[in-house]
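Submitted below is the structure of interest, expressed as structure tokens.
The values are calculated or read from the model by the stated rules, or taken from the named source; none is laboratory data. The shown structure was predicted, so the numbers you read here are calculated from the model rather than taken from an experiment. Virtual Cβ from ideal backbone geometry, glycine too; neighbours counted across all protein chains shown. For the accessible areas, the whole protein counts, side chains as well, though only heavy atoms, and no ligand, DNA or RNA atoms are used. Shrake-Rupley method; radii C 1.70, N 1.55, O 1.52, S 1.80 Å.
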Amino acid sequence: MEDSRSTAGTVAAKTGRSPWRRTKIAVGVLAAVAVVAIIGALTPWPSAMIIRSVFTKGGDETAAEMTKHVPDTPLDERKDIAYGDAGADTTMDVFRPASADSALPTVVWIHGGAWISGSKEDVDPYLRILAAEGYTTIGVNYTRGPEGVYPLAVHQLDEALAYIDAHAAELGVDPRRIVLAGDSAGAQLASQMATLITNPDYAEILGIRPSIRADQLVATVLNCGVYDLAALAELDGVPGWGFKSAMWAYSGTKTWAEDSTGATMSTVDWVTSDFPATYISGGNGDGLTWLQSIPMAKRLQELGVDVTPVFWPAPHEPALPHEYQFHLDLPEARKALADTIAFLDAHTR
């Protein structure tokens with residue numbers, strides 16, 4: 001019988017790999033995983049960059065899908081207008097009908113991306129669609145985490161509103177008819193800016209004097225947002241890991257759920273009866289709808305705020321995902337768009 005050591009040697013000779021080499025490779029892989037785990041426990045950067053890469057790919061694909069639905073209406077487009085001094089982070093894109101010869105009601109849209117990804121370009125196609133309906137629409141950038149930490153983005157967005165108000169005539173903005181809108185993390189930020197503008201006690205706690213008055217803000221549009229950080233902190237599994245990693249990157253601390261970050265970002269606890277008329281929506285296949293959007297809608301309704309909720313029954317097919325409103329190939333997304341335009345017309349005309 002052939003010696004097993006001789007057989008192993010023959011196999012190793014044929015494959016070019018000895019058992020010891022395979023062991024060294026395995027040890028090396030385990031060491032690399034351990035290093036990644038250690039680094040990930042010390043800094044949110046690795047996780048944030050992974051999440052950002054996934055979201056960027058999805059954002060590009062969704063923007064391409066929306067572009068097919070942009071009408072041929074000629075628009076006046078002004079890209080990358082600087083409203084602050086942080087480079088591309090503090091820029092905005094402005095769209096309005098080329099035929100417009102007067103100031104128009106204005107939708108200021110804050111993009112999503114879990115507070116750590118995304119850009120104004122992600123929503124440009126949607127803003128072109130709304131602009132074609134007779135609006136000035138503005139997509140705003142802000143510094144994402146972990147490059148900047150909370151509440152930097154809130155201060156930047158307030159600076160953006162100050163710029164829009166000061167340059168209203170130049171931008172074709174009617175400063176008496178401003179709508180704050182956003183998707184996902186952008187909806188949280190839109191709700192936060194609206195709360196700042198309409199709740200003086202909240203503004204005082206954040207140490208921000210809002211750049212526009214409550215009577216200038218006529219409505220909000222909130223899609224697939226987050227409004228209760230305590231509920232977010234209770235998520236587990238992959239969604240829990242993703243949100244917790246994003247919040248660590250955005251807040252700069254692992255204790256965001258227990259400190260002022262989570263408390264002040266949870267706008268469901270700070271909204272008042274002075275909050276503007278609100279369109280709020282989420283897909284039935286999006287867990288955030290049940291955990292965040294529906295409770296926020298109910299809270300606003302309890303306060304007597306004029307709320308237009310657009311939700312879908314739990315068994316609806318197909319199950320509508322997070323950010324479903326941008327997937328305009330879906331009839332449900334086109335209905336949500338029509339509902340959004342009807343809401344804007346009702347509150348700005």
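Which value in deg cm²/dmol, rounded to the nearest 500, describes the helix-derived mean residue ellipticity at 222 nm for the chain, given -39,500 (n - 2.57) per DSSP H run of n ≥ 4 and division by the residue count?
On the way: 13 runs with 160 residues, N = 349.
The helix contribution divided over the chain gives -14500 deg cm²/dmol.
Mind checking which of GLY113, GLY285, GLY186 has the largest fluctuation in a GNM of the chain, springs on alpha carbons under 10 Å?
Sorting by GNM fluctuation, first place goes to GLY285.
Further question: At 30 Å minimum axial length over the Cα atoms and a Kyte-Doolittle cut of 1.0, report the qualifying DSSP H helices in the chain, or say none.
The qualifying helices are 19-42.
Another one. How do 104-111, 239-246 rank on mean C-beta neighbours within 10 Å, highest first? Could you put the intermediate results ahead of the total?
Values: 104-111: 25.1, 239-246: 17.9.
Ranked by mean Cβ neighbours within 10 Å, highest first: 104-111, 239-246.
If we count every other residue with Cβ under 13 angstrom of GLN156's Cβ, Lys/Arg +1 and Asp/Glu -1, where does the sum land? Please list the in-between numbers first.
On the way: positive: LYS120, ARG144; negative: ASP85, ASP89, GLU147, ASP158, GLU159.
Spelling it out: positives minus negatives among the neighbours equals -3.
Let me make sure I get this right: for the range 224-326, a, b and c are the square roots of the gyration tensor eigenvalues over alpha carbons, sorted descending. Under 1.5 in a/c it's rounded, otherwise prolate if a/b > b/c, else oblate. Which is it? Before the final figure, lay out the partial values.
Details: a/c = 2.46, a/b = 1.17, b/c = 2.10.
Since a/c reaches 1.5 but b/c is at least a/b, the shape of the range 224-326 is classed as oblate.
Now a separate question. Multiply the residue separation of GLU170 and SER273 by 0.36 nm, subtract the distance between their alpha-carbon atoms, and state the gained length in nm to one decimal.
Values: separation 103, 0.36 × 103 = 37.08 nm, distance 3.31 nm.
Here the segment from GLU170 to SER273 would lengthen by 33.8 nm.
What distance in nm separates the two pseudo spin-label positions at THR56 and LYS298, each 7 Å out from Cα along the beta-carbon direction?
That separation, rounded to one decimal, is 4.0 nm.
Separate question: As a quick test, which of the pairs LYS254/LYS298; LYS120/LYS244; LYS79/LYS244 have an alpha carbon distance above 27 angstrom in this structure? Intermediate results must be reported in sequence, preceding the final value.
Working: LYS254/LYS298 30 Å; LYS120/LYS244 24 Å; LYS79/LYS244 33 Å.
Over 27 Å Cα-Cα: LYS254/LYS298; LYS79/LYS244.
Can I ask one more? According to the square roots a ≥ b ≥ c of the eigenvalues of the Cα gyration tensor, what is the shape class of the range 89-129, taking rounded for a/c under 1.5, prolate for a/b larger than b/c otherwise, and oblate for the remainder? Numbers along the way, then the final one.
Numbers: a/c = 2.83, a/b = 2.39, b/c = 1.18.
Prolate shape, in that a/c is at least 1.5 and a/b is the bigger ratio.
Another one. Express in whole angstrom the spacing between the alpha-carbon centres of the range 94-116 and the range 189-224.
18
For the chain, what log10 I(q)/I(0) values come out of the Debye formula at q = 0.09, 0.12 1/Å, with one point per alpha carbon and no solvent?
Result of the Debye calculation: -0.50, -0.82.
Shape verdict for the range 284-349, please, from the Cα gyration tensor: rounded (a/c under 1.5), prolate (a/b greater than b/c) or oblate.
Details: a/c = 2.59, a/b = 1.15, b/c = 2.24.
Since a/c reaches 1.5 but b/c is at least a/b, the shape of the range 284-349 is classed as oblate.
For the chain, what is the accessible area per residue in Å², given a 1.4 Å probe and the full set of protein chains? Present the calculation step by step, with values, prior to reporting the outcome.
Values: 15260 Å² over 349 residues.
Ligands and nucleic acids excluded, the figure is 44 Å² per residue.
With 5 Å bins from zero, work out the P(r) of the range 156-241 over every alpha carbon pair and list the percent per bin.
Reading the bins upward from 0: 3, 14, 20, 22, 18, 10, 6, 4, 3, 1.
Then there is this: Less than 13 Å Cβ to Cβ from TRP45, Lys/Arg counted +1 and Asp/Glu -1: what total charge do the surrounding residues give?
Values: positive: ARG52, ARG144; negative: GLU147.
Charge balance near TRP45 sits at +1.
Under a crude label model (7 Å from the Cα following the beta-carbon direction), how far is ARG78 from ASP306 in nanometres?
2.9
Within the chain, what whole-number % of the accessible surface is contributed by carbon and sulfur, with the 1.4 Å probe and all protein chains included in the calculation?
Details: 8880 of 15260 Å².
Carbon with sulfur: 58 percent of the solvent-accessible area.
Okay, moving on. Evaluate E = 1/(1 + (r/R0)^6) for ALA263 and ASP201, where r is the Cβ-Cβ distance and R0 equals 22 Å; express this FRET efficiency to the nearest 0.05. Write out the running numbers ahead of the final one.
Working: r = 13 Å, r/R0 = 0.61.
Computed FRET efficiency for ALA263 and ASP201: 0.95.
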